[in-house]
Amino acid sequence: MTEPRPTRGGMQKFLKPSNYSSAYLKPYWDGLLQGKFLLPRCAKCRELFFPPRPMCPKCLSGELAWEEMEPEGTLHSWSELLDRRFLILEVPMVLGVVDLKNSAGRLVTRIRAPATEVKIGMPLRLVFPKYTHEGKEMAMVEAEPVR
């Protein structure tokens, strides 16, 4: 369970993804729980894309197949959050834009490294930490440097 964090108006929980309700996203979230990074590929034009959508962004077909990808990428850009006004976040925190392997798209996520160790272009591995939200086991995506 997430721990409450103090705010000016009382206590608030650290925000983590909780919207697993969209049917077309179920394979993505289920894959994260199993430690797999699944992305949709269009069965018609073979476009691989992220983020998952109910139809292909290239040809608009709804015929999709899910494929397991290597959970890897490179750091495109990053920023360190230090501002204590964002008390629902753990600060300091490094957020990065990750170019996914296979040119599938970009992902914005927490980078598990101090800002002093973060470099543009560095290789990253995606990890899928689990947590509990309202009694349900869930997972999210974070990235860590490849060592």
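One line per residue, one yes/no per condition, for (1) in contact with a Phe, Trp or Tyr (Cβ under 7 Å, 6 or more places away or on another chain); (2) surrounded by fewer than 16 Cβ atoms within 10 Å (Cβ to Cβ); (3) not basic (Lys, Arg):
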{"residue": "SER22", "(1), (2), (3)": "no, yes, yes"}
{"residue": "GLN34", "(1), (2), (3)": "no, yes, yes"}
{"residue": "ARG41", "(1), (2), (3)": "no, no, no"}
{"residue": "LYS44", "(1), (2), (3)": "no, yes, no"}
{"residue": "PHE49", "(1), (2), (3)": "no, no, yes"}
{"residue": "PRO52", "(1), (2), (3)": "yes, no, yes"}
{"residue": "GLY62", "(1), (2), (3)": "no, yes, yes"}
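I'd like to check something: does segment 5-19 contain any residue that is at pLDDT 90 or above and exposed (fewer than 13 other Cβ atoms within 10 Å of the Cβ)?
no
Out of everything in segment 77-97 that is surrounded by fewer than 16 Cβ atoms within 10 Å (Cβ to Cβ) and under 30 Å from PRO40 (Cα atoms), what residue ends up being modelled with the lowest pLDDT?
MET93
Return a yes/no flag: does segment 83-106 have any residue that is of a type in the set (D, E, K, R), in the same structural domain as TRP29 (by TED's automatic domain parsing) and over 14 Å from PHE37 (Cα atoms).
no
Run down GLU72, GLU68 and say which single residue is under 18 Å from the mean Cα position of the chain (by Cα) and more than 21 Å from SER22 (Cα to Cα).
GLU72
Suppose the filter is at pLDDT 90 or above and either of a type in the set (Gly, Ala, Ser) or outside the structural domain of ARG41 (by TED's automatic domain parsing) (or both); does GLU142 pass it?
Spelling it out, GLU142 is indeed at pLDDT 90 or above and either of a type in the set (Gly, Ala, Ser) or outside the structural domain of ARG41 (by TED's automatic domain parsing) (or both).
Working carefully through the options GLU117, GLU137, find the one that is among the charged types (D, E, K, R) and over 15 Å from TRP29 (Cα atoms).
One residue alone meets the criteria, GLU117.
For (1) in contact with a strand residue (DSSP E or B) (Cβ under 9 Å, 6 or more places away or on another chain); (2) without any contact (Cβ under 8 Å) to a residue 40 or more places away in the chain; (3) exposed (fewer than 11 other Cβ atoms within 10 Å of the Cβ), each residue gets a yes or a no:
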{"position": "ILE111", "(1), (2), (3)": "yes, yes, no"}
{"position": "ALA115", "(1), (2), (3)": "yes, yes, no"}
{"position": "GLY121", "(1), (2), (3)": "yes, no, yes"}
{"position": "LEU124", "(1), (2), (3)": "yes, no, no"}
{"position": "LYS130", "(1), (2), (3)": "yes, no, no"}
{"position": "GLY135", "(1), (2), (3)": "no, yes, yes"}
{"position": "ALA143", "(1), (2), (3)": "yes, no, no"}
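The values are calculated or read from the model by the stated rules, or taken from the named source; none is laboratory data. From a predicted model like this one, the values you see are computed outputs, not experimental measurements. Glycine also receives a Cβ, built like all others from the backbone with ideal geometry; neighbour counts cover every protein chain displayed.
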